[in-house]
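Undergrad: Here it is, the structure in full.
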Amino acid sequence: MPDTDLKPKTGTKPKLERPRMHKVILINDDYTPREFVVMVLEAEFGMNEATAGRVMLTAHQKGSAVIAVYQRDIAETKATRAVDMAKKFGFPLMFTTEPEE
Ligand code: NFA
């Protein structure tokens, strides 16, 4: 095309928002054994036993605890896998995700 303008445009690059990160939140319940919660936190979220124990206790005492922050897909996959693992053992353990501010 003879009159195609090949000059690079300047000043038109859109400013992209960085995608928001998503928190995975552990919800307390009255039935899931503490040791099982710790095991799930170790298995699915790569925590050591000391950290997993602290996070579990925080949720136990306050009702919920933020576990970690990931890109949305990863947060949702990990939360789903953790809930499914608990379900398989007959426990009502819940994890949710929500976007960071
Ligand atoms: N509240 C549960 C218990 O006393 C332990 C628990 C902690 C469950 C954190 C869910 C989340 N067995």
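The values are calculated or read from the model by the stated rules, or taken from the named source; none is laboratory data. In this text, all values refer to a predicted model and were calculated from it rather than measured experimentally. All Cβ positions, even for glycine, are placed from backbone atoms using ideal geometry, and neighbour counts span all protein chains on display. Heads up: the accessible areas ignore ligands, DNA and RNA and are worked out on the full protein's heavy atoms, side chains in. Shrake-Rupley method; radii C 1.70, N 1.55, O 1.52, S 1.80 Å.
Undergrad: Go through segment 68-84 residue by residue and turn each phi into a ³J(HN,Hα) via Karplus (6.51, -1.76, 1.60, θ = phi - 60°); whole Hz please, and just put x for glycine and proline.
TA: Here the 3J(HN,Hα) series is 5, 10, 9, 4, 3, 4, 5, 4, 5, 5, 5, 4, 4, 4, 5, 5, 5 Hz.
Undergrad: Nothing charged except the Cβ atoms of Lys and Arg (+1) and of Asp and Glu (-1): what's the magnitude of the dipole of segment 30-90 about its Cα centre? Round to the nearest 20 debye.
TA: In total the dipole reaches around 100 debye.
Undergrad: Just name one of Tyr31, Phe91, Ile74: the one whose Cα is farthest towards the positive end of the charge dipole of the chain (beta-carbon charges, Lys/Arg +1, Asp/Glu -1).
TA: Ile74
Undergrad: Along segment 92-101, what does the Karplus equation 6.51 cos²θ - 1.76 cosθ + 1.60 (θ = phi - 60°) give for ³J(HN,Hα), rounded to whole Hz, x for Gly and Pro?
TA: These are the phi-based 3J(HN,Hα) values: x, 3, 10, 10, 10, 10, 8, x, 5, 4 Hz.
Undergrad: Could you state how much accessible area Asp73 has, in square angstrom rounded to the nearest 10, with a 1.4 Å probe and all protein chains kept in place?
TA: 100 Å²
Undergrad: Sticking with this structure for a sec: With a 1.4 Å probe and all protein chains kept in place, how much accessible area does Lys87 have, in Å² rounded to the nearest 10?
TA: Lys87 exposes around 140 Å² with every protein chain in place.
Undergrad: I need the phi-derived Karplus couplings for segment 17-22: 6.51 cos²θ - 1.76 cosθ + 1.60, θ = phi - 60°, integer Hz, Gly and Pro marked x.
TA: Running phi through 6.51 cos²θ - 1.76 cosθ + 1.60 with θ = phi - 60° gives 6, 5, x, 5, 7, 10 Hz.
Undergrad: Related question: Using amide H atoms built in the peptide plane, which far-off residues or other-chain residues are under 5 Å from Ile67 H to H?
TA: Under 5 Å from the amide H of Ile67 lie the amide H atoms of Val24, Ile25, Leu26, each far enough along the sequence or on another chain.
Undergrad: Additional query: Given N residues in segment 30-90, what is Rg(Cα) / (2.2 N^0.38 Å)?
TA: Its radius of gyration relative to the 2.2 N^0.38 Å reference: 1.07.
Undergrad: Which whole-number percent gives the relative contact order of segment 23-101, counting Cα pairs below 8 Å spaced six or more residues apart?
TA: Relative CO of segment 23-101 lands at 49 percent.
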